[in-house]
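The values are calculated or read from the model by the stated rules, or taken from the named source; none is laboratory data. Keep in mind it's a predicted model, so treat the numbers as computed, not measured. As a convention, Cβ positions derive from the backbone with ideal geometry for all residues, glycine included, and neighbour counts pool all protein chains shown. The protein model used for the area step is the full one, side chains on, heavy atoms only, and it has no ligands, DNA or RNA in it. Shrake-Rupley method; radii C 1.70, N 1.55, O 1.52, S 1.80 Å.
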Amino acid sequence: MADNTFTLITGRSGAQGTGISWGKEGEGYREAVQLVELNPADMECLGLQEGDAVRLISRYGATEALCRPGNLPTGLAFMAFGPVANQLTGAETRASGMPDTRGFEVRLEPVLNRRGVDKR
Amino acid sequence: MQIEAAICAFCGCLCDDIVLTIESDRIVQAKNACALGKAWYTAHSRPPDLPAARVDGKSVEVEEAIEAAAILLTKARYPILYGLSSTSCEAQRHAVALAEALGGCIDCCTSVCHGPSGMAVQGFGEPTCTLGEVKNRADLVIYWGSNPAESHPRHMSRYAVTSKGRLTPNGRKNRTVVLVDVRSTPSSRFADLLLTVRPGIDFEILWALRALVLGRKVEPAGLAETGITLAQLTHLAELMKNCRYGVLFAGQGLTQSAGNQMNLSAAILLVRDLNQFTKFAIIPMRGHGNVTGVDQVLTWQTGYPFGVNFSRGYPRFNPGEFTMVDVLRRKEADAVLSVASDPAASLPAEAVQRLTEVPLIAIDTHESETTRLARVSFMASTVGIRASGTAYRMDNVPLFLKQALTSIYPSDEEILGRLLERVRELKA
Ligand code: SF4
C-alpha cells in the first residue's frame, strides 16, 4: 500500500445477493454495498477502525464507504457489486463490452469523525 | 399445498430439487433452497403492491403503457434493449424480434459478466460438459476467480464438491478441490489447494501452466509478479495432468479482470491441451438464473451471444461498439428498454448517467433503481414463481420452470409480445 493506494476488487457477497431479491432499498443491501473490506494491517496503518468512513477515489469517480477488516492480502480492497462501487468503476471497455470492474487503483482517505451506516 | 422438484431461478445453478410449501397463494417454505434461493422465493411471492403499468409515475392500463413505450421506441434512432438475464427464453425471443423490428441494438447482462467467455468460445471452441458429468465423474475441481459459497451457494453440494455420483461414490473424498483467487473467501475452506494470486495476472499464470502441462521450461523469475511460485504451479500442472476427469469453473474474477477475453482464451487453450493427457472440461460460472439462456436465444436467432445491432437490417456483432456500457457512455442510445435487469444499479456511473437523459422503459418483477427512473414501467410476473418458461442452466441444459402461484401481472413474454406487435404496426 503506497500513498494510500489500493487495488479494488468488486464481487458478489451473500448479503448483497439476498438484497437483490428483497429490494435494494432494504437496510441489509444498503449496508452490504456500502462496505469496503481491507486487510487489518492496512487499517491499522491508516488509523482506521471497523465502521470508520473512508473516501475512495478512482480515476473514474469517488465515493464513501465504511471499512471493515477482511481476510485479504495487504494492498487489496474489496467491495460488493452495487451502486456505491459503481461510482468508482469505469465505463471504458477496451473493445470488450466489459467495463473496468475489478483490479483497478483506488486512493483511500479516512473521513474524520464519521462512523456508522449511512441510512439516508 | 406442496410442489416437489420446483426450480430455483435465482442463479445459474437452477437447482431443480426445491420443495415449495404454499399457503394462501404465498410460498411459506422453499426446502433445499440456499439463502439466496429462499430470499428469491419469499420476496417474489409477496403480494403485489405496485400498479401493473406506470407512465411518468402515474398508474395506467397496461395497454396505455404499451402504446407509450411503442411510440418512444419507434421514434428513437438508436434504441437499445438490455438485460434479459432473469426471464424466460420465450420472452428473450420476443426481445430479439423487437430489436430487429426497431433496427436497434440488443445486449444482455452477459456483456458485463461472461461476455469475454463468449468471445473466447468464438475463437477457440468450448471443451465443456454438463454438471451431471461433473457430479458423476469429476475428481479434480478447480474454481478460478470464483467464490461459489456466496455466488452459487449450492454449486459445491449439488454438483461439484460434496455431491456423490456414479464414479464419485464417496463425494468429497473422491475429489481434489483447488481454488485460485486474489483473496480468501468463504469458499476457501473447501479447498485442498488454495492459490492466492495477484490481481490482473491470471493470463500470465494460465499461460505458464500451459507450458508446464506441455513439459516446457518455465523460468521462476517469470512468475515473480504472480504471487505464486514455480513449485506451486508445477504441483497444479501435475494435479491437472494426472486427474481422471478435471473441470475448471471460470468465474468473473477471470472475465472482469485485466485481460478479459484473453484470460478465458488462455483457460480454454489450457483445457484443450489437458485433453492430450486426460479428460478435462471448462464451465463458466454463469450468474443470473437465465443469463445462459439469453446467450442461447441470441445465438440461435442472430449468430451472436450479446452486443448485437440490427441498424443495417441484419445482425452485426461488435463488443465495445454495440454493448450496453459503450452505447451509453458514448451517448449514442436515444431510448433504452431494460428487461428483467437493473442497469441503473449495476453499471458504472458514467453509463448510468445516459439512462437519466433518454426515454427509459423498464420491465421488471419488482421496483428497482431502473423502474424508478423509467418513464414507462411495467411490473411482470416472476418466471418460476408466477409465470412459466424455459431457462438454461450454466452448463447449457434447458429446464422448464413451472408457475407455482397465480399470476397477477402479465409475464415478460406477454408484455414483450404485445409491444412487438404494436411496434410492428407503427412501423408498417
Ligand atoms: S444455488 Fe442458486 S439455484 Fe440453487 S437454490 Fe441457491 S440461488 Fe437457487
Within segment A:77-85, identify whether any single residue is over 14 Å from the mean Cα position of the chain (by Cα) and more than 11 Å from every other protein chain (Cβ to nearest Cβ), and answer yes or no. no
Out of all the residues in segment B:37-45, is one or more within 16 Å of the ligand (Cβ to nearest atom), within 14 Å of chain A (Cβ to nearest Cβ), open to solvent by 10 Å² or more (accessible area, probe 1.4 Å) and in contact with a Gly (Cβ under 6 Å, 6 or more places away or on another chain)? no
Residues satisfying the stated conditions in segment B:98-114, i.e. assigned to a loop (DSSP other than H, G, I, E, B) and under 15 Å from the mean Cα position of the chain (by Cα): B:CYS113, B:HIS114
Residue check, B:VAL352 closer than 23 Å to B:CYS113 by Cα, surrounded by fewer than 24 Cβ atoms within 10 Å (Cβ to Cβ) and touching a residue at least 12 places away in the same chain (Cβ under 8 Å): yes
Just the residues that are of a type in the set (Lys, Arg) and over 30 Å from B:ASN396 (Cα atoms), please, taken from segment B:43-100. B:ARG46, B:ARG54, B:LYS58, B:LYS75, B:ARG77
If you scan segment B:103-126, which residues turn out to be away from every other protein chain (no Cβ under 13 Å) and touching a strand residue (DSSP E or B) at 6+ places or on another chain (Cβ under 6 Å)? B:GLY104
Could you check how many residues of segment A:16-34 are more than 9 Å from every other protein chain (Cβ to nearest Cβ) and either in contact with a Leu (Cβ under 6 Å, 6 or more places away or on another chain) or in contact (Cβ under 8 Å) with a residue 60 or more places away in the chain (or both)? 4
Any idea which residue in segment B:368-383 is surrounded by the fewest Cβ atoms within 10 Å (Cβ to Cβ), counting only those that are closer than 12 Å to B:GLY57 by Cβ and within 14 Å of another protein chain (Cβ to nearest Cβ)? B:ARG372
Wholly within segment A:11-120, helices (runs of 4 or more DSSP H) carrying at least 2 residues that are at pLDDT 95 or above: A:40-45
Among the residues that make up segment B:272-280, is at least one of them open to solvent by less than 10 Å² (accessible area, probe 1.4 Å) and either basic (Lys, Arg) or closer than 13 Å to B:ALA250 by Cβ (or both)? yes
When segment B:233-249 is checked residue by residue, the ones that are in contact (Cβ under 8 Å) with a residue 12 or more places away in the chain and either within 14 Å of chain A (Cβ to nearest Cβ) or surrounded by fewer than 18 Cβ atoms within 10 Å (Cβ to Cβ) (or both) are B:THR234, B:HIS235, B:LEU239, B:ASN242, B:ARG244
What pairs come up if the first residue lies in segment B:3-18 and is within 14 Å of chain A (Cβ to nearest Cβ), the second is within 9 Å of the ligand (Cβ to nearest atom) and β-branched (Val, Ile, Thr), and their beta carbons are under 6 Å apart, counting only those six or more places apart or on different chains? B:CYS8/B:ILE18
List every residue pair whose Cβ atoms lie under 9 Å apart, where the two residues are 6 or more positions apart in sequence or sit on different chains, the first residue falls within segment B:195-208 and is within 12 Å of B:ALA266 (Cα to Cα) and more than 12 Å from chain A (Cβ to nearest Cβ), and the second residue, located anywhere, is hydroxyl-bearing (Ser, Thr, Tyr) and surrounded by fewer than 19 Cβ atoms within 10 Å (Cβ to Cβ). B:GLU204/B:THR226; B:ILE205/B:THR226; B:ALA208/B:THR226
Taking segment B:19-33 as the region of interest, how many residues are under 19 Å from B:LEU399 (Cα atoms) and out of contact with any Gly (no Cβ under 7 Å at 6 or more places or on another chain)? 4
Got a sec? Which of B:ARG77, B:ARG54, B:ARG93 is more than 24 Å from B:PHE322 (Cβ to Cβ), more than 14 Å from chain A (Cβ to nearest Cβ) and at pLDDT 95 or above? B:ARG54
Would you confirm, using the coordinates I've provided, whether B:ARG329 is open to solvent by 20 Å² or more (accessible area, probe 1.4 Å) and touching an Asp or Glu at 6+ places or on another chain (Cβ under 7 Å)? yes
Could you list, in sequence order, the residues of segment B:301-348 that are modelled with pLDDT of 95 or more, part of a helix (DSSP H, G or I) and at the interface with chain A (Cβ under 9 Å from one of its Cβ atoms)? B:MET324, B:VAL325, B:ASP326, B:LEU328, B:ARG329, B:ALA344
Among the residues of segment B:392-416, write down those that are assigned to a loop (DSSP other than H, G, I, E, B) and charged (D, E, K, R). B:ARG393, B:ASP395, B:LYS402
In this structure, does B:ALA70 turn out to be of a type outside the set (S, T, N, Q), away from the ligand (no atom under 16 Å from the Cβ) and touching a residue at least 40 places away in the same chain (Cβ under 8 Å)? yes
Filter segment B:1-36 down to the residues that are of a type in the set (D, E, K, R) and away from the ligand (no atom under 12 Å from the Cβ), then identify the one that is least open to solvent (accessible area, probe 1.4 Å). B:ASP25
Quickly run through segment B:43-60 and pick out the residues that are more than 24 Å from B:GLY293 (Cα to Cα) and touching a residue at least 12 places away in the same chain (Cβ under 8 Å). B:ARG46, B:PRO47, B:PRO48, B:LEU50, B:PRO51, B:ALA52, B:ALA53, B:ARG54, B:VAL55, B:ASP56
Checklist (1) open to solvent by less than 20 Å² (accessible area, probe 1.4 Å); (2) under 30 Å from B:ALA39 (Cα atoms); (3) within 13 Å of chain B (Cβ to nearest Cβ); (4) within 13 Å of the chain's Cα centre (by Cα) applied to A:GLU37, failing item: (1)
